[in-house]
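Right, one structure below, let's go through it.
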Amino acid sequence: MPQSRTPAIQIAGLHKSFTDKHVLRGIDLDIPSGIVFALLGANGAGKTTAINILTTLLAPDAGTVHVAGHDVVTASDAVRASIGVTGQFAAVDGMLTGEENLRMMARLAHLDTKRAKARTAELIEQFDLGESAKTGAALYSGGMRRRLDLAMSLMLDPAIVFLDEPTTGVDPRGRAVMWDIVRGLAAQGTAIFLTTQYLEEADQLASRVAVLNEGRIVADGAPAALKSRVGDGHIVVDVATPEAFDAAAQLFPAATVDRDALSLRLSEGTDANAVRELLVRLDSARISVANLRIVTPDLDDVFFTLTGTATTDNIQTPTTRAEEAAR
């Protein structure tokens, strides 16, 4: 798909409330085609409401929203014809085979028989579903179901794809496969609008990230630029004995310490000179270092700094989500 000069998504002054609860409080975004854009936010921040408006499931209270150049209120049919949506849980019929699921989607998209057959074959090959295409989807792994679900949303080759928690319940290998597929779609010119509570996923995939907090965009930019806002990182020093820990704590009184882990966190720079000076001071004090590591900021740090919300309360690891999906 060639990259369009028309912005994939344009949002200006978007407001949405439910009775007396203000969910979106003046959102402005301009997202080009051919990139992966990630919208991050804690539970209740307004992500789902924003996506529901962008996909024409909700009407905005104020502001303008254009998707693929079409107004979501006055040209909702054109918007729906331009997008694909993959929800948090795979919308796959387990009673049908993978191929039958795709053909069902082709019929819903009003493709003629010839085009439906050709497009189904294309998607089976693109998503590496050939060996399982004739197998009932109920027997698919979580990763295969997600791949099939995404393939179904691409039946009409949409300009924009909305991915809501695309790797929920997917194992690490399946997650890597999904990431490669998403990157490939963006490289072909498809705009990807990603919501995820797995921040490494956003870091790996997105060339641009926005953080939504209490209904407002509090940051918007490249992941590297957002990380630079929270500092250069820190050095963690692990020592072997309680005696070494006490000596190191006295040597670096400003350090953040964890006596149980025999660990000190130092925010005195992370470049080569800072590390060299640190090691010289430790050696001069005859403090033996068990391990030293440089920790650079990640999107978890950005999220916490900008929202004041501990990501461990709102952001789940893939393992946690897979366990919950299996319950």
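The values are calculated or read from the model by the stated rules, or taken from the named source; none is laboratory data. Everything numeric in this text was worked out from a predicted model, so none of it was measured. When we count neighbours, we look across all protein chains shown, and the Cβ atoms used for this are built from the backbone with ideal geometry, even at glycine.
Overview of results
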{"quantity": "Phe193, sole failed condition from (1) surrounded by fewer than 15 Cβ atoms within 10 Å (Cβ to Cβ); (2) at pLDDT 95 or above", "calculated": "(1)"}
{"quantity": "Residues that are under 20 Å from Leu129 (Cβ atoms) and in contact with a Ser or Thr (Cβ under 8 Å, 6 or more places away or on another chain), drawn from the stretch 180-214", "calculated": "Thr190"}
{"quantity": "Unique match (being closer than 20 Å to Thr167 by Cβ and not β-branched (Val, Ile, Thr)) among Gly63, Gly41", "calculated": "Gly41"}
{"quantity": "Among (1) outside any loop (DSSP other than H, G, I, E, B); (2) out of contact with any Phe, Trp or Tyr (no Cβ under 6 Å at 6 or more places or on another chain), the one test that Val85 misses", "calculated": "(2)"}
{"quantity": "Residue ranges of helices (runs of 4 or more DSSP H) in the stretch 184-280 with at least 1 members of a type in the set (Asp, Glu) and either closer than 30 Å to Ile9 by Cα or out of contact with any His (no Cβ under 9 Å at 6 or more places or on another chain) (or both)", "calculated": "199-205, 242-251"}
{"quantity": "Residue within the stretch 17-24 that is among the basic types (Lys, Arg) and buried (at least 16 other Cβ atoms within 10 Å of the Cβ) present", "calculated": "no"}
{"quantity": "Condition met for Arg208 (at pLDDT below 90 and in the same structural domain as Pro158 (by TED's automatic domain parsing))", "calculated": "no"}
{"quantity": "Residues (outside any loop (DSSP other than H, G, I, E, B) and surrounded by fewer than 15 Cβ atoms within 10 Å (Cβ to Cβ)) located in the stretch 88-116", "calculated": "Arg107, Leu108, Thr113, Lys114, Arg115"}
